[in-house]
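The values are calculated or read from the model by the stated rules, or taken from the named source; none is laboratory data. None of these values were measured; they are calculated from a predicted model. Reconstructed Cβ throughout: ideal geometry from the backbone, glycine too, with neighbour counts over all protein chains shown.
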Amino acid sequence: MVVNGTVGIVTGAARGIGFALADRFLAEGAAGITVVDLDRADVDAALADLTARHGDRVLGVAADVTDEAAVASFVAATEERFGPVGLFAANAGIGTGQGIEADLATWDRIWHVNVMAHVLAARAVVPGMVERGGGIFLTTASAAGLLAQIGDAGYSVTKHAAVSFAEWLSITYGDRGLQVACLCPQGVNTAMLQSVMGGAATATVKAQGVIEPTDVADAVIDALADRRFLVLPHPEVAEYMQRRASDPDRWLAGMRKLQARIVAALREG
């Protein structure tokens, strides 16, 4: 039980993967978990559910993870309530469902949520973890960050950046006690899959096989116990990565064919 006795923070935790992670960390014996999300009502609902299951080891905070002062505030609140943070799950993320037509405000927003929120989280907790001799930083990226996301340029670009930042953290701090893990699922049955991403993007991940958030949480616990960097709830992603690396041109051609099939299916539907 790698998280047993650990104090943690999970962002994007009101539902979906984030909620499943918080629930599982508490079930595994975490000393305290702060659940963070943007909407107060959503946070309160998640807090009530988790408290009913796990008692008073849960704190709920409504905050914008792209606001550095807000991040510092909920880290401080967590440490005041439970003690030093030993686990941070940077899970908040958004999609656009758009390509190059997306306006600059859309690009700016997805960059800050999907990338800079991870940077702000690391700035807030990694120095303390290293000073104390250890900690876990979990990045929720996506298989799109290892491959590509048909139908959503911003999502694909920012998830690649999130993977790269997680790699940098591991290289820089991995020998100083920090365990870094990068979660890269394909389709997961979440609100973002159902409503936020665009038609082609949603169709792509559904075609690849949709799993439940609890399946993702299981994969995270297994990977943390094994000290694996990449968390792949869809194991086939490892094979896709090998194909992409060994023959990029063939892989790109295959992705174009997949895109054409999806677009045709959407037109027929």
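Some notes on this structure:
- Filter result for Val65 (under 22 Å from the mean Cα position of the chain (by Cα), modelled with pLDDT of 95 or more and either within 19 Å of Gly32 (Cα to Cα) or not in a helix (DSSP H, G or I) (or both)): yes
- Selection status of Val36, closer than 23 Å to Pro127 by Cβ and among the hydrophobic types (A, V, I, L, M, F, W, C): yes
- Residue list for the range 87-101, restricted to those being crowded, with 17+ Cβ neighbours inside 10 Å and either within 12 Å of the chain's Cα centre (by Cα) or under 15 Å from Ile150 (Cα atoms) (or both): Phe88, Ala89, Ala90, Asn91, Ala92, Gly93, Ile94, Gly95, Thr96, Gly97, Gln98
- Of all the listed residues (Gln98, Gln149), the sole one being in contact with a Phe, Trp or Tyr (Cβ under 6 Å, 6 or more places away or on another chain) and part of a loop (DSSP other than H, G, I, E, B) is Gln149.
- Filtered residue count, the range 11-57, keeping only those that are farther than 19 Å from Val71 by Cβ and β-branched (Val, Ile, Thr): 2
- Only residues that are surrounded by 21 or more Cβ atoms within 10 Å (Cβ to Cβ), in a helix (DSSP H, G or I) and either at pLDDT 85 or above or of a type outside the set (S, T, N, Q) (or both) were counted in the range 170-202, giving 1.
- Test: residue in the range 129-141 that is in a loop (DSSP other than H, G, I, E, B), surrounded by 15 or more Cβ atoms within 10 Å (Cβ to Cβ), touching a residue at least 24 places away in the same chain (Cβ under 8 Å) and of a type in the set (Gly, Ala, Ser): yes
- Filter result (within 15 Å of the chain's Cα centre (by Cα) and not aliphatic (A, V, I, L, M)) within the range 209-237: Glu212, Pro213, Thr214, Asp215, Asp218, Phe229, Pro233, His234
- Within the range 43-53, the set of residues being surrounded by 16 or more Cβ atoms within 10 Å (Cβ to Cβ) and touching a strand residue (DSSP E or B) at 6+ places or on another chain (Cβ under 8 Å) comprises Val43, Ala46, Leu47, Leu50.
- For the range 25-42, residues that are in contact with a helix residue (DSSP H, G or I) (Cβ under 7 Å, 6 or more places away or on another chain) and buried (at least 20 other Cβ atoms within 10 Å of the Cβ) total 7.
- Any hit, the range 246-269, residues being over 20 Å from Leu21 (Cα atoms), modelled with pLDDT of 90 or more, outside any helix (DSSP H, G or I) and not hydrophobic (A, V, I, L, M, F, W, C): yes
- Test result for Phe19, touching a Gly at 6+ places or on another chain (Cβ under 8 Å), part of a helix (DSSP H, G or I) and crowded, with 16+ Cβ neighbours inside 10 Å: no
- Test: residue in the range 107-128 that is touching a Ser or Thr at 6+ places or on another chain (Cβ under 6 Å), of a type in the set (Val, Ile, Thr), touching a residue at least 24 places away in the same chain (Cβ under 8 Å) and not in a helix (DSSP H, G or I): no
- Selection count where residues are of a type in the set (D, E, K, R), more than 17 Å from Ala144 (Cβ to Cβ) and surrounded by 14 or more Cβ atoms within 10 Å (Cβ to Cβ), scope the range 212-260: 4
- Options Arg40, Arg15: the member that is within 30 Å of Gly151 (Cβ to Cβ) and of a type in the set (Lys, Arg): Arg15
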